[in-house]
1. Would you jot down the residues in segment A:94-113 that end up with at least 30 Å² less accessible area in the complete protein assembly than in the chain alone, with a 1.4 Å probe?
2. Excluding ligands, DNA and RNA, what is the solvent-accessible area per residue of segment B:1-89 at a probe of 1.4 Å, expressed in Å²?
3. How many Cβ atoms of partner chains, on average, are near each residue of A:39-51 if near means within 10 Å of its Cβ?
4. For segment A:4-97, what % of the accessible area comes from carbon and sulfur atoms, probe 1.4 Å?
5. Counting pairs of alpha carbon atoms under 8 Å apart in space and at least six apart in sequence, what relative contact order in percent does chain B give?
6. Could you work out what % of the accessible surface of chain B is carbon and sulfur, using a 1.4 angstrom probe and leaving DNA, RNA and ligands out of the count?
7. Give the peptides A:21-30, A:86-95, A:36-45, B:33-42 in descending order of average Cβ contacts within 10 Å, highest first.
8. Under 5 Å between amide hydrogens, which residues at least 5 positions from residue B:87 or on another chain qualify, with H placed 1.01 Å from N in the peptide plane?
Amino acid sequence: DVKVTQSSRYLVKRTGEKVFLECVQDMDHENMFWYRQDPGLGLRLIYFSYDVKMKEKGDIPEGYSVSREKKERFSLILESASTNQTSMYLCASSSGGMNYGYTFGSGTRLTVV
Amino acid sequence: AQSVAQPEDQVNVAEGNPLTVKCTYSVSGNPYLFWYVQYPNRGLQFLLKYITGDNLVKGSYGFEAEFNKSQTSFHLKKPSALVSDSALYFCAVRDKDYGGATNKLIFGTGTLLAVQP
């Protein structure tokens, strides 16, 4: 089975801190995604990457950046954390084939105080 | 443009009764359709998908979904609900005819299924 591992289940950070959320997948998937999930808003795409060193903005990229230096790892960076970035963050990966869905990590619940 | 709608924020059903969670979609070409389930404080887990072939798709945990092209729907069903089915369910769609390596899944906003004992 494909595994997508997010480094932390729960994080508490202070306003203004730089925050790194790490995601690693073990099945050589080309595509990786970062979403945030908030009650009533569903899943919102922050950034995605379809190849090493490649990235594209999703629907809500403001306040975030990403890094993909290796195929298996996709990092989400909060440059200066704010309280409105308190959320559940979900990483996902998929192969390049059209009939494949996504495999999700377990999520990181981030609280910014 | 691709979109998916889950018209019900919450569905309540008694244990042992059949359940339906609704999903409608809009794509310009032919759809790939997916259902995911999310248990509290967990990521999303794949349940089933429709790619081609039989309109009735069977998936994990006894769930199935029916693809209806004329109604552009892909409702999730289960003949007999369990309390352990209580979770958040997401429908997702991809346009089969929209090419490109970055063709993303579009997710609905989710439906909370509550099964009462």
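1. Buried by 30 Å² or more upon assembly, which counts only protein chains, are A:98, A:99, A:101, A:102, A:104, A:106.
2. 49
3. Working: counts 2, 3, 2, 8, 11, 1, 4, 0, 0, 2, 1, 5, 2.
Across A:39-51, the average partner-chain Cβ count within 10 Å equals 3.
4. Numbers: 2250 of 4510 Å².
Roughly 50 percent, rounded to a whole number.
5. On the way: 293 pairs, mean separation 44.3, N = 117.
Across chain B, relative contact order equals 38 percent.
6. On the way: 2700 of 5440 Å².
Carbon with sulfur: 50 percent of the solvent-accessible area.
7. Working: A:21-30: 17.6, A:86-95: 22.3, A:36-45: 16.1, B:33-42: 19.6.
Top to bottom by mean Cβ count within 10 Å: A:86-95, B:33-42, A:21-30, A:36-45.
8. B:113
The values are calculated or read from the model by the stated rules, or taken from the named source; none is laboratory data. Since the model is a prediction, treat every value here as computed from it, not as a measurement. All Cβ positions, glycine included, derive from the backbone under ideal geometry; neighbour counts span all protein chains shown. When the accessible area is computed, the model is the full protein with side chains, heavy atoms only, and any ligands, DNA or RNA have been set aside. Shrake-Rupley method; radii C 1.70, N 1.55, O 1.52, S 1.80 Å.
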